[in-house]
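In what follows, a single structure is set out as structure tokens and then discussed.
The values are calculated or read from the model by the stated rules, or taken from the named source; none is laboratory data. Everything quoted here is computed from the prediction, not taken from an experiment. Here the Cβ positions follow ideal geometry from the backbone for every residue, glycine too, while neighbour counts run over all protein chains shown. Just so you know, the surface numbers come from the protein's heavy atoms only, side chains and all, with ligands and any DNA or RNA stripped out. Shrake-Rupley method; radii C 1.70, N 1.55, O 1.52, S 1.80 Å.
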Amino acid sequence: MSYYISVQNLVKKYGELCAVDNLSFSVNKGEIFGLLGPNGAGKSTTLSVLTTLSDFNKGEIILNGLDIRKDKMEIKQLIGMVPQDIAVYDHLNALENVKFFASLYGLKGRQLTESAKEALEFVGLSDKQSIKPKHMSGGMKRRLNIACGIAHAPQLIVMDEPTVGVDTQSREHILNSIKVLRDRGATVIYTSHYMNEVEEICDRIAIIDKGQMVACGTKAELVSLVTDVQSVYIETKLPIDFNFEEFKKKQMVMPGMRALSLKENIIRMDITINHNHLSKMIEQFLSLGLPVININTEVPNLDTMFLTLTGHELR
Ligand SMILES: Nc1ncnc2c1ncn2[C@@H]1O[C@H](COP(=O)(O)OP(=O)(O)OP(=O)(O)O)[C@@H](O)[C@H]1O
């Protein structure tokens with residue numbers, strides 16, 4: 001299988017400090033690929049190497065069939081970078097800012113203006129074209145930062161913590177926009193230390209810590225590295241003569257069932273993820289005359305996974 005991006009044994013040092021330590025991963029075309037890790041894990045450094053902004057000590061990076069050491073200029077043209085620190089000019093208004101960045105990629109004249117306006121519309125700032133960044137909220141500035149990185153319609157969009165310090169509305173807007181960019185065919189690399197964001201939008205996730213790869217895969221694949229069991233809580237109304245031990249004996253023969261327990265009117269079932277057939281469980285409850293009042297599923301999250309694999313919390 002050929003990947004859109006292949007990073008092999010990447011090493012990047014700052015003096016004695018090895019910020020990226022023999023990192024390897026691949027990104028498919030058209031996916032949102034998340035780089036997740038605590039502060040100082042090496043995410044920004046990896047992005048700055050990938051976007052050709054920094055050199056590296058060892059390793060091989062192939063992007064769209066091009067070698068990053070040999071084909072830097074061609075690779076630059078494919079990329080749109082949304083940096084962690086907002087990089088817009090205070091003396092330019094929103095439209096002028098976006099036009100400035102898009103012009104660096106060769107856009108000119110009417111095409112430049114149209115692309116810049118489209119990018120502003122895309123991030124929900126079309127009515128703010130003539131506003132300067134200093135008169136914008138943090139969330140608006142973040143969205144302008146994104147417009148500046150995408151106006152030239154790059155194949156690869158690299159976003160370094162694009163939601164830091166934004167209000168909920170802007171955050172939702174940004175996350176939805178990223179999915180739309182992916183659905184339009186762009187490949188997105190997204191870094192964050194917000195676990196829930198990465199879980200929500202990324203197709204695959206690489207978890208890095210101290211410059212090294214901890215694990216890489218879809219959320220389900222990552223979670224399955226540490227556990228294959230999830231808990232299902234079914235709230236019911238138990239008859240006075242309900243015999244839990246008998247009920248348990250019957251349920252335990254179900255494929256994948258690991259444990260059952262009862263607390264008040266809630267029955268907890270620990271079942272392997274690939275055997276979690278909710279409809280069958282509901283049928284069984286109903287056939288025994290037990291109404292299903294509420295169902296909750298506790299899926300192990302990436303927090304648990306990170307803690308289990310590294311021995312410390314993500315933050
Ligand atoms: N220009 C630099 N010179 C020296 N050390 C650096 C430089 N940039 C980063 N580092 C160090 O390299 C390590 C990795 O930093 P990096 O910024 O890549 O991590 P990160 O995962 O992006 O963290 P954050 O989430 O805080 O941005 C850290 O120990 C950091 O202090």
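Quick check on my filter: what residues within the range 4-17 are farther than 18 Å from Met213 by Cα and surrounded by 14 or more Cβ atoms within 10 Å (Cβ to Cβ)?
Tyr4, the sole residue that qualifies.
From the list Leu175, Leu144, Leu222, which one is away from the ligand (no atom under 16 Å from the Cβ) and touching a strand residue (DSSP E or B) at 6+ places or on another chain (Cβ under 8 Å)?
Among Leu175, Leu144, Leu222, only Leu222 is away from the ligand (no atom under 16 Å from the Cβ) and touching a strand residue (DSSP E or B) at 6+ places or on another chain (Cβ under 8 Å).
Looking only at residues that are open to solvent by less than 30 Å² (accessible area, probe 1.4 Å) and assigned to a loop (DSSP other than H, G, I, E, B) in the range 199-219, which one is farthest from the ligand (Cβ to nearest atom)?
Cys202
Quick one: would you say Asn274 is assigned to a helix (DSSP H, G or I), of a type outside the set (A, V, I, L, M, F, W, C) and open to solvent by 50 Å² or more (accessible area, probe 1.4 Å)? It would help to see each step written out before you state the result.
Details: assigned to a helix (DSSP H, G or I): yes; of a type outside the set (A, V, I, L, M, F, W, C): yes; open to solvent by 50 Å² or more (accessible area, probe 1.4 Å): yes.
Yes: the conditions hold for Asn274.
Only one residue in Leu53, Leu47, Leu36 is within 14 Å of the ligand (Cβ to nearest atom) and either among the aromatic types (Phe, Trp, Tyr) or without any contact (Cβ under 8 Å) to a residue 60 or more places away in the chain (or both). Which one?
None of the other options fit; the residue is Leu53.
Thr191 - would you say it is at pLDDT below 95 and either under 23 Å from Pro83 (Cβ atoms) or within 16 Å of the ligand (Cβ to nearest atom) (or both)?
Numbers: at pLDDT below 95: yes; either under 23 Å from Pro83 (Cβ atoms) or within 16 Å of the ligand (Cβ to nearest atom) (or both): yes.
It is true that Thr191 is at pLDDT below 95 and either under 23 Å from Pro83 (Cβ atoms) or within 16 Å of the ligand (Cβ to nearest atom) (or both).
Pull out all pairs, ordered by first then second residue, where Cβ-Cβ is under 7 Å, the residues are six or more apart or on different chains, the first lies in the range 79-95 and is acidic (Asp, Glu), and the second is away from the ligand (no atom under 15 Å from the Cβ).
Asp90/Lys132; Asp90/Pro133; Asp90/Lys134
Can we say Asn97 is more than 13 Å from the ligand (Cβ to nearest atom), touching a Pro at 6+ places or on another chain (Cβ under 8 Å) and modelled with pLDDT of 95 or more? Reasoning before the result, please.
Working: more than 13 Å from the ligand (Cβ to nearest atom): yes; touching a Pro at 6+ places or on another chain (Cβ under 8 Å): yes; modelled with pLDDT of 95 or more: yes.
In short, yes.
Of the residues Val232, Val180, which single one is part of a strand (DSSP E or B) and away from the ligand (no atom under 16 Å from the Cβ)?
Selected residue: Val232, the only one of Val232, Val180 that is part of a strand (DSSP E or B) and away from the ligand (no atom under 16 Å from the Cβ).
Restrict the check to the range 133-147 and report whether at least one residue is among the polar types (S, T, N, Q) and surrounded by fewer than 16 Cβ atoms within 10 Å (Cβ to Cβ).
Keep residues of the range 133-147 that are among the polar types (S, T, N, Q), which gives 137, 145.
When the remaining residues are screened for being surrounded by fewer than 16 Cβ atoms within 10 Å (Cβ to Cβ), the result is 137.
Checking the range 133-147: at least one residue is among the polar types (S, T, N, Q) and surrounded by fewer than 16 Cβ atoms within 10 Å (Cβ to Cβ).
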